[in-house]
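Undergrad: The following block contains the structure, expressed as structure tokens.
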Amino acid sequence: MFVPVIIPTQDASPHAQELGRRIAVLIRDYRLQHQDASSTDVHFALRIAAREAGGLARRRQVLMLVASLTALLLGVGVAFLAQAGRGEIEVPMVLVTGLILVVVVAVIVLKSRIG
């Protein structure tokens, strides 16, 4: 099943537009002074600046990881408790648990790469 993901667009505030213009001027001036600075350098610099300026972004990633792992462990625990009274754990339950683990890890990795 395919579920489309729609990301709502939002216009930048006047403050964001002004800051963007200032950053563009700073980058242009820096690259004029340092001819060997590549676009990759600029990309990494912007990522570093975003990480340093927005300390909450990293905490959100860690919190999301902890919450996901907690939910996963809780789900696995409930599944094992449900099967404990019936004897041996069925193979489909182990496969479903593994699939959930793979999906949770994939979501965390994608979320951290997107931002």
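The values are calculated or read from the model by the stated rules, or taken from the named source; none is laboratory data. Quick caveat: nothing in here was measured; it's all calculated off a predicted structure. As a convention, Cβ positions derive from the backbone with ideal geometry for all residues, glycine included, and neighbour counts pool all protein chains shown.
Undergrad: Among the residues of the stretch 83-108, write down those that are modelled with pLDDT of 70 or more and either closer than 30 Å to His43 by Cα or aliphatic (A, V, I, L, M) (or both).
TA: Of everything in the stretch 83-108, those that are modelled with pLDDT of 70 or more and either closer than 30 Å to His43 by Cα or aliphatic (A, V, I, L, M) (or both) turn out to be Leu95, Val96, Leu99, Ile100, Leu101, Val102, Val103, Val104, Val105, Ala106, Val107, Ile108.
Undergrad: Examine the stretch 43-56 for a residue that is outside the structural domain of Val109 (by TED's automatic domain parsing), surrounded by 12 or more Cβ atoms within 10 Å (Cβ to Cβ) and at pLDDT 75 or above, and state whether such a residue exists.
TA: Within the stretch 43-56, one or more residues are outside the structural domain of Val109 (by TED's automatic domain parsing), surrounded by 12 or more Cβ atoms within 10 Å (Cβ to Cβ) and at pLDDT 75 or above.
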